[in-house]
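Scroll down for the structure; my scribbles are underneath it.
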Amino acid sequence: MRKYCLECDWQVSTADGYTEKEVSEAAIDHFVETGHTVDSLRLPPPVLRQN
């Protein structure tokens, strides 16, 4: 899951090692602090490659 701001460069993602709960809480915090609109994008699961 990735959340990003439509008005500035703020973004946070589970790909950065955060849980979905932490990503959601960070998005809420960003909205409360700035009033900016936050949107989300669900990331596909990682692809595991076997050699």
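No value in this document is a laboratory result; all are computed from the given coordinates. In this text, all values refer to a predicted model and were calculated from it rather than measured experimentally. Cβ sites come from the backbone with ideal geometry, for glycine too, and all protein chains shown count toward neighbours.
Which one of these does LYS3 not meet: (1) surrounded by 16 or more Cβ atoms within 10 Å (Cβ to Cβ); (2) in a helix (DSSP H, G or I)?
That leaves (2) as the condition not met.
Report, by residue number, each residue of segment 20-43 that is in contact (Cβ under 8 Å) with a residue 24 or more places away in the chain and not in a helix (DSSP H, G or I).
Of segment 20-43, the ones in contact (Cβ under 8 Å) with a residue 24 or more places away in the chain are 27, 30, 34, 36-43.
Residues satisfying the conditions are HIS36, THR37, VAL38, ASP39, SER40, LEU41, ARG42, LEU43.
Pull out all pairs, ordered by first then second residue, where Cβ-Cβ is under 8 Å, the residues are six or more apart or on different chains, the first lies in segment 1-18 and is more than 17 Å from THR37 (Cα to Cα), and the second is assigned to a loop (DSSP other than H, G, I, E, B).
THR14/MET1; THR14/LEU43; ALA15/LEU43
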